[in-house]
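**Student:** The structure under discussion is supplied below as structure tokens; questions concerning it will follow.
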Amino acid sequence: MRAIPVCMIHVDDGAFLAQVDRIVHSEELRNSEMQRRLLKFLADKSLLGEADNLKEYVVAIDGLGKSPSYDPRQNSAVRIQIGRLRQSLAEYYRTEGKQDDLMIDLPKGHFKLTCVSRSASPESLPPPSPASVEHGWGLHLTSTLWNRVLLISAIFAVILFGASSLLEQWRMHTAAATSFPGWTSDLQELWGPIVDSKLPLVLTIEDPLFVELRSEPGVYYRDRSLNKWEDIVASPTVAALQHSMKSSELQPSRYYTAFGEVEVAYHLGMLLGPREQNLSIVKTSQVSWKQLADNNIIFVGKQDIFFDPQLRDMPLELQLTPIEQGIHNLHPQSGEPTSFMDNYTTAPNEEGVAYSLVTHSSGPLGSHDIVSFTSSRSAGYVGAIQWFTDPTLAGQLVAKLKGANGEIPRYYQVLFKVKFKDDVPLETTYILSRTLH
């Protein structure tokens, strides 16, 4: 077998593929057929020395099984899945793979897998083989080691000269990007106000209001336009249903939530959990004004459940607000519509387009941070959260949010258009953003 020069010690194909297979069958990738397929595809291409020349279209067709009509300019599926795979690899080595000798990674901006041995030392590293040069691995290895040497030298120089304050500044600015796998400078720009704050963080998940009609067995009814108990009691539809069920007793119930909220909570927990030591999850119906004033808040759910009673009373003037089937543009700029309207079908075929609004605002006292991911469909905020958790998409978003001064606004709103089917986002497009004052 030929050696794999990407590794820091000579490892044959069998050892490399065995490590790939171990990750493919890990708990981290157990529920993601797409990531397992993508990892095996990239491993094969890396072995053959073809990964450097891969195009996004080829990865989509051969790696992800997309149709030949796939257009990278209109569809970000490859970039999303690559970002997810990169995060899954980092999480695997943080948990069940923390004792593995071979560490496989997918560097940002590349389709080529890298392989590092934990046990290798600079003294034990062999010179690049001819195969290394042939496949382009030798230059990557040399530059990587040289960068490490330079970094170590720089740190010792700082210590020797007693510049403790400079070292502390360096540590503060790079900790988020280096201490946690998958955490990039772009993610730091988006989430820095949250993770660098000393305040507790509350993740609040929509718990929609149902009405329970006491009967045998119990019947639960949900009208998406009714989010207050007094509106349910006054509803003619509920009264007619109560009459037909011969039920004299109505009770509020918040027992259910949608799968989309669970998926977003999972992604946020994976991203922020290792960095935020004081993170808790609370039902939206249980969030008080005291909590809004004393904590940083992230909300996920249907728009009017959170916007109506809370965000509309915040000190900042909103530029975009939800309406029943879309988003209202309060101050349209040249060429912009006054409203962005959803267009989708529901059961039996749930598909179409829904707009998603992300609002980063201040708390009721003008301090703290409140970030909300809202839409009329759960696919909307699932699509939006991908732009805030995937390193590649986060880089694109940061570039769009930065103004003439090269900085992201302290508070802002972002509008996305999400094409979905069966509540799964197929394509998420950035539409516009606004600075809040």
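The values are calculated or read from the model by the stated rules, or taken from the named source; none is laboratory data. Please read all numbers here as calculations on a predicted model, not as lab measurements. Because the Cβ atoms are built from the backbone with ideal geometry, glycine has one as well, and the counts that use them run over all protein chains shown.
**Student:** Considering only residues that are of a type in the set (S, T, N, Q) and over 23 Å from Leu426 (Cβ atoms), look in the range 21-62 and name the one that is surrounded by the most Cβ atoms within 10 Å (Cβ to Cβ).
**Tutor:** Only one residue tops the list, namely Ser46.
**Student:** Also, I was wondering about something else. Taking the range 49-66 only, how many residues are of a type in the set (A, V, I, L, M) and either touching a residue at least 24 places away in the same chain (Cβ under 8 Å) or on the phi > 0 side of the Ramachandran plot (or both)?
**Tutor:** 4
**Student:** Take Leu89 and tell me if it is under 20 Å from Asp13 (Cβ atoms), in a helix (DSSP H, G or I) and touching a helix residue (DSSP H, G or I) at 6+ places or on another chain (Cβ under 8 Å).
**Tutor:** Taking the combined requirement at face value, the residue satisfies it.
**Student:** With respect to the numbered conditions (1) buried (at least 17 other Cβ atoms within 10 Å of the Cβ); (2) at pLDDT 85 or above; (3) outside any helix (DSSP H, G or I), which one is the sole condition not fulfilled by Val238?
**Tutor:** Condition (3) is where Val238 drops out.
**Student:** In addition: Every residue in the range 381-409 that is exposed (fewer than 15 other Cβ atoms within 10 Å of the Cβ) and acidic (Asp, Glu), please.
**Tutor:** The one that is exposed (fewer than 15 other Cβ atoms within 10 Å of the Cβ) and acidic (Asp, Glu): Glu407.
**Student:** Any chance the range 281-293 includes a residue that's surrounded by 18 or more Cβ atoms within 10 Å (Cβ to Cβ), at pLDDT below 85, under 26 Å from Ala379 (Cβ atoms) and in contact with a helix residue (DSSP H, G or I) (Cβ under 9 Å, 6 or more places away or on another chain)?
**Tutor:** Of the range 281-293, the ones surrounded by 18 or more Cβ atoms within 10 Å (Cβ to Cβ) are 284, 287, 292.
Now restrict to residues that are at pLDDT below 85: 284, 287, 292.
Checking which are under 26 Å from Ala379 (Cβ atoms) leaves us with 284, 287.
Then drop every residue that is not in contact with a helix residue (DSSP H, G or I) (Cβ under 9 Å, 6 or more places away or on another chain), which leaves 284, 287.
The answer is yes, given that some residue of the range 281-293 is surrounded by 18 or more Cβ atoms within 10 Å (Cβ to Cβ), at pLDDT below 85, under 26 Å from Ala379 (Cβ atoms) and in contact with a helix residue (DSSP H, G or I) (Cβ under 9 Å, 6 or more places away or on another chain).
**Student:** Further, regarding this structure: With respect to Glu317, is the statement that it is of a type in the set (Asp, Glu), in the same structural domain as Thr428 (by TED's automatic domain parsing) and either at pLDDT 85 or above or in contact with a strand residue (DSSP E or B) (Cβ under 9 Å, 6 or more places away or on another chain) (or both) true?
**Tutor:** no
**Student:** Counting just the residues of the range 327-354 that are over 28 Å from the mean Cα position of the chain (by Cα) and among the hydroxyl-bearing types (Ser, Thr, Tyr), which one comes out farthest from Gln413 (Cα to Cα)?
**Tutor:** Ser334
**Student:** For the range 340-375, enumerate the residues that are within 20 Å of Leu432 (Cβ to Cβ) and in a loop (DSSP other than H, G, I, E, B). Outline the logic, then answer.
**Tutor:** Kept after step one, since they are within 20 Å of Leu432 (Cβ to Cβ), are these residues of the range 340-375: 340-343, 353-361, 371-375.
The answer is Asp342, and nothing else.
**Student:** Among the residues of the range 396-409, is any hydrophobic (A, V, I, L, M, F, W, C), without any contact (Cβ under 8 Å) to a residue 24 or more places away in the chain and part of a strand (DSSP E or B)? Write out each step before concluding.
**Tutor:** Residues of the range 396-409 hydrophobic (A, V, I, L, M, F, W, C): 397-399, 401, 404, 408.
Right, trim to without any contact (Cβ under 8 Å) to a residue 24 or more places away in the chain and you get 399, 404.
Add one more test, that the residue is part of a strand (DSSP E or B), and what stays is none.
No; the residues of the range 396-409 include none that is hydrophobic (A, V, I, L, M, F, W, C), without any contact (Cβ under 8 Å) to a residue 24 or more places away in the chain and part of a strand (DSSP E or B).
**Student:** Still on this model: Please determine whether any residue of the range 108-125 is modelled with pLDDT of 85 or more, of a type in the set (Phe, Trp, Tyr), part of a helix (DSSP H, G or I) and within 27 Å of the chain's Cα centre (by Cα).
**Tutor:** no
**Student:** Based on what the data block shows, is Gly273 of a type in the set (Gly, Ala, Ser), farther than 16 Å from Ser362 by Cα, modelled with pLDDT of 75 or more and crowded, with 18+ Cβ neighbours inside 10 Å?
**Tutor:** No, not satisfied.
**Student:** Of all residues in the range 35-77, which are closer than 23 Å to Ala15 by Cβ, among the hydrophobic types (A, V, I, L, M, F, W, C) and touching a strand residue (DSSP E or B) at 6+ places or on another chain (Cβ under 9 Å)?
**Tutor:** Answer for the range 35-77, where residues must be closer than 23 Å to Ala15 by Cβ, among the hydrophobic types (A, V, I, L, M, F, W, C) and touching a strand residue (DSSP E or B) at 6+ places or on another chain (Cβ under 9 Å): Leu39, Ala43.
**Student:** Here's another thing I want to ask about it. Quick check on Arg86: is it more than 19 Å from the chain's Cα centre (by Cα) and under 21 Å from Thr389 (Cα atoms)?
**Tutor:** No.
**Student:** Follow-up. Can you name every residue in the range 192-213 that is acidic (Asp, Glu) and either without any contact (Cβ under 8 Å) to a residue 60 or more places away in the chain or in contact with a His (Cβ under 6 Å, 6 or more places away or on another chain) (or both)?
**Tutor:** Start the filter on the range 192-213 by keeping residues that are acidic (Asp, Glu), which leaves 196, 206-207, 212.
The answer is Asp196, Glu212.
**Student:** Which condition breaks for Asp71 when tested against (1) closer than 18 Å to Asp390 by Cβ; (2) at pLDDT below 90; (3) in a loop (DSSP other than H, G, I, E, B)?
**Tutor:** Of (1) closer than 18 Å to Asp390 by Cβ; (2) at pLDDT below 90; (3) in a loop (DSSP other than H, G, I, E, B), only one is false for Asp71: (1).
**Student:** In the set Leu415, Leu316, Leu357, which member is in contact (Cβ under 8 Å) with a residue 24 or more places away in the chain and over 25 Å from the mean Cα position of the chain (by Cα)? Spell out how you get there, then give the answer.
**Tutor:** Working: Leu415 fails: over 25 Å from the mean Cα position of the chain (by Cα); Leu357 fails: over 25 Å from the mean Cα position of the chain (by Cα).
Within the list Leu415, Leu316, Leu357, the selection yields Leu316.
**Student:** May I pose another question? What are the residues in the range 77-121 that are among the hydrophobic types (A, V, I, L, M, F, W, C), surrounded by fewer than 21 Cβ atoms within 10 Å (Cβ to Cβ) and under 21 Å from Gly49 (Cβ atoms), if any?
**Tutor:** Met103, Val116
**Student:** Hey, can you tell me all the residues within the range 375-429 that are within 22 Å of Asn349 (Cβ to Cβ), at pLDDT 95 or above and among the aliphatic types (A, V, I, L, M)?
**Tutor:** Hit for the range 375-429 is Val418, nothing else.
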